[in-house]
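Just so it is clear, none of the values below were taken in a lab; they were calculated from the coordinates. Source: prediction; values computed, not measured. Heads up, the Cβs are rebuilt from the backbone with ideal geometry, glycines too, and the neighbour counts pull from every protein chain shown.
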Amino acid sequence: MNLDYSPEYRAERRYITELKAKLEHSLFKEDLLITNLSISGVQMKCSQALVSTLAAELGRSTPQAPLQVTIHMDIPTPTQKTCNLKLQCNLVYSRRLSRDRYLIGAQFSRLEDSDKQALANYMEKFGKIL
């Protein structure tokens with residue numbers, strides 16, 4: 001299964017990370033791992049089961065109306081323990097890593113100024129450039 005609508009060319013620098021997150025859609029919530037992020041989107045490692053579930057939903061989406069999901073994650077901050085983010089995203093690709101592991105990519109479709117600032121602070125203080 002391939003979710004590619006178009007290649008992703010992030011305009012922003014990507015940072016390597018290992019952040020636990022939840023991917024939410026109207027029909028499911030699934031735990032996954034964010035492997036890299038930028039101010040414009042994320043790459044996540046997930047199971048084949050999740051990709052199969054997403055494939056079923058993709059039948060109703062198009063490049064003009066991509067599958068939208070919400071990512072919930074806590075990121076460390078310099079001043080607090082964590083900052084909880086709830087980010088609206090469009091899925092843009094999937095890539096098979098192994099028999100039952102996949103990478104999926106999502107572009108932020110809406111990013112509040114406070115979330116953008118929290119991500120920028122996280123990447124500046126804790127990020128490793130990809």
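Counting charges near Lys128 (Lys, Arg +1; Asp, Glu -1) among other residues having Cβ under 13 Å from its Cβ returns a value of +1. Most tightly packed first, judged by the mean number of other beta-carbon atoms within 10 Å of their residues, the peptides 80-88, 13-21 read 13-21, 80-88. Within the listed set Ser40, Ser109, Ser98, the residue fluctuating most in the Gaussian network model of the chain (springs between alpha-carbon atoms under 10 angstrom) is Ser98. In the set [x] 24, 15, 14; [y] 34, 17, 13; [z] 40, 12, 9, the label that goes with semi-axes √(5λ) of the Cα gyration tensor in Å computed for this structure is [x].
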